[in-house]
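The values are calculated or read from the model by the stated rules, or taken from the named source; none is laboratory data. Everything numeric in this text was worked out from a predicted model, so none of it was measured. FYI the Cβ positions are ideal-geometry reconstructions off the backbone, even for glycines, and counts take in every protein chain you see. Side chains included, ligands, DNA and RNA excluded: accessible areas come from the protein's heavy atoms. Shrake-Rupley method; radii C 1.70, N 1.55, O 1.52, S 1.80 Å.
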Amino acid sequence: MIIMKDPIIKNGTTVVFGPCRLSYTHLFNKYTPEGGGEGKYMTNVIIPKDEKKTLKALESAIAEAKKAGIVSKWGGKEPKKIDLPLRDGDEKDDEVYADSMFVNAKSSARPGVCDKRKVDITDEDEVYSGMWAYVSVTFYAYDVNGNKGIACGLNNVMKFKDDDRLGGRVSAAADFDGFGDDDDDDL
């Protein structure tokens, strides 16, 4: 298997990159925020700060989306206040994000999810916050209710490897470690 070392930029605003760790992962069912609103498929994609080529590719795609937004969304000029999707993980109060940058990638349509052999994953337990993956995202401009910025659209996810689950949930195997078949006769 070939492991991609450099991100791929497609059409200026789409980037395929990884492996990166996923957090707040909802790829099989839409997540609806507590305050309501439209549910979305989503995941935070955590990129280590030392992945310079990946961060440069993301910044380039965001700049292209900004150029397109000036023409298509913002009346020919860049807004004074603009929300950008690439964020500093050190500003979050979460050690998982330390020394990393991240994007919150969302989609109204369910993203494709496959394994390293490019076989679709249908078992929802195989895809979770904490796993590592390659992702395909597209950046685009928005202007909604006076809020202007660049959003990160989630296209597809390819699972790369397992890791500890985030969010405190542990596997059944971990909970019952130390219990074995030895005691079956006592039942």
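In region 70-92, which residues are assigned to a helix (DSSP H, G or I) and of a type in the set (D, E, K, R)?
Going through region 70-92, the residues assigned to a helix (DSSP H, G or I) turn out to be 70-72, 89-91.
Selection gives ASP90, GLU91.
Looking only at residues that are among the basic types (Lys, Arg) and closer than 19 Å to ASN104 by Cβ in region 56-86, which one is most open to solvent (accessible area, probe 1.4 Å)?
Filtering region 56-86 for residues among the basic types (Lys, Arg) gives 56, 66-67, 73, 77, 80-81.
With the extra rule that they be closer than 19 Å to ASN104 by Cβ, the set shrinks to 66, 81.
Working: LYS66: 48, LYS81: 151 Å².
Checking each candidate, the answer is LYS81.
Being within 18 Å of LEU22 (Cβ to Cβ), at pLDDT 95 or above and either surrounded by fewer than 14 Cβ atoms within 10 Å (Cβ to Cβ) or of a type in the set (Gly, Ala, Ser) (or both): is that true of SER171 here?
Values: within 18 Å of LEU22 (Cβ to Cβ): yes; at pLDDT 95 or above: no; either surrounded by fewer than 14 Cβ atoms within 10 Å (Cβ to Cβ) or of a type in the set (Gly, Ala, Ser) (or both): yes.
Taking the combined requirement at face value, the residue does not satisfy it.
For region 126-140, check the following and say yes or no: at least one residue is of a type in the set (Gly, Ala, Ser) and more than 20 Å from LYS10 (Cα to Cα).
Step one: list which residues in region 126-140 are of a type in the set (Gly, Ala, Ser), which gives 129-130, 133, 136.
Restricting the remaining residues to those that are more than 20 Å from LYS10 (Cα to Cα) gives 129-130.
Yes, because at least one residue in region 126-140 is of a type in the set (Gly, Ala, Ser) and more than 20 Å from LYS10 (Cα to Cα).
Considering only region 74-90, I want to know if a residue exists there that is more than 25 Å from ASP143 (Cα to Cα) and without any contact (Cβ under 8 Å) to a residue 24 or more places away in the chain.
Within region 74-90 (the criterion being more than 25 Å from ASP143 (Cα to Cα) and without any contact (Cβ under 8 Å) to a residue 24 or more places away in the chain), the answer is yes, since at least one residue qualifies.
So which residues in region 2-15 are among the hydrophobic types (A, V, I, L, M, F, W, C) and open to solvent by 30 Å² or more (accessible area, probe 1.4 Å)? Before you say what the answer is, go through the steps one by one.
Going residue by residue through region 2-15, those that are among the hydrophobic types (A, V, I, L, M, F, W, C) are 2-4, 8-9, 15.
Correct list: ILE2, ILE3, MET4, ILE8, ILE9.
For region 39-55, which residues satisfy the criterion of being surrounded by 13 or more Cβ atoms within 10 Å (Cβ to Cβ) and either in a helix (DSSP H, G or I) or basic (Lys, Arg) (or both)? Break it down stepwise before answering.
First pass over region 39-55, keeping only residues surrounded by 13 or more Cβ atoms within 10 Å (Cβ to Cβ): 39-49, 51, 54-55.
Once the filter is applied, which keeps residues that are surrounded by 13 or more Cβ atoms within 10 Å (Cβ to Cβ) and either in a helix (DSSP H, G or I) or basic (Lys, Arg) (or both), region 39-55 yields LYS40, LYS49, THR54, LEU55.
Write out, first by first residue and then by second, each pair whose Cβ atoms fall under 6 Å of each other, whose residues are 6+ apart or on separate chains, and whose first residue, in region 145-157, is more than 30 Å from THR122 (Cα to Cα) while the second is open to solvent by 60 Å² or more (accessible area, probe 1.4 Å) and of a type in the set (A, V, I, L, M, F, W, C).
Final answer for the pair search is ILE150/LEU84.
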